[in-house]
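What follows is a set of notes on a single structure, which appears directly below.
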Amino acid sequence: MDPRSFIDEKSESRLYIGNLDLRITEGALIKMFSPYGKIISEDFLWHTRGPKRGEPRGFAFIQYSMKEEAKLAKEKMHGRLACGRPLVVRLASEKYLEEAAHNSSKAGGEAIKSGTAGSTSGQMSRSAKIAAIKNKLKALDEERGSAKKQKAS
């Protein structure tokens with residue numbers, strides 16, 4: 001069996017759940033998503049440093065046993081109100097690709113696009129990460145340079 005097919009199957013059954021109200025607990029999240037299939041893991045993210053340490057970060061990941069269950073949960077739960085806020089539910093792999101595309105358009109970096117296009121596991125290559133950082137630094141330098149010119153005039 002091809003190990004990449006297992007990774008793809010696993011990533012297609014993992015959901016990103018965002019825009020969570022801070023009052024939503026892990027238990028409540030599992031209760032909301034369990035009707036759609038067998039949940040095999042749940043990652044509820046917390047702040048680990050700073051003044052918000054110990055508070056929820058407002059997003060989580062849920063892993064279903066089958067990709068069909070994840071797709072059903074995504075269809076039924078995306079946009080549904082929870083504590084007055086519409087949930088954002090996507091396949092975790094979609095979330096990663098969307099962020100990478102957004103970052104590459106902001107930084108103007110071709111390396112990011114090529115790093116995600118050739119990857120099946122949703123991981124950027126080391127050289128793509130380095131190129132993305134260089135592009136971000138360049139953009140920040142350009143912003144600083146234009147701000148100094150405006151002050152001088």
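The values are calculated or read from the model by the stated rules, or taken from the named source; none is laboratory data. Remember, predicted model here, so these are calculated numbers, not experimental data. No Cβ is skipped: glycine too gets one built from the backbone with ideal geometry, and neighbour counts run over all protein chains shown. SASA here: full protein model, heavy atoms, side chains in, ligands and nucleic acids out. Shrake-Rupley method; radii C 1.70, N 1.55, O 1.52, S 1.80 Å.
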Practice task
Over the stretch 9-100, with every protein chain in place, what whole percent of the accessible area is carbon and sulfur at 1.4 Å, could you tell me?
Solution key: 53 percent
Completion exercise
Site ASP43, offset 7 angstrom along Cα→Cβ, radius 15 Å on amide nitrogen, limited to the stretch 123-145, gives 123-124
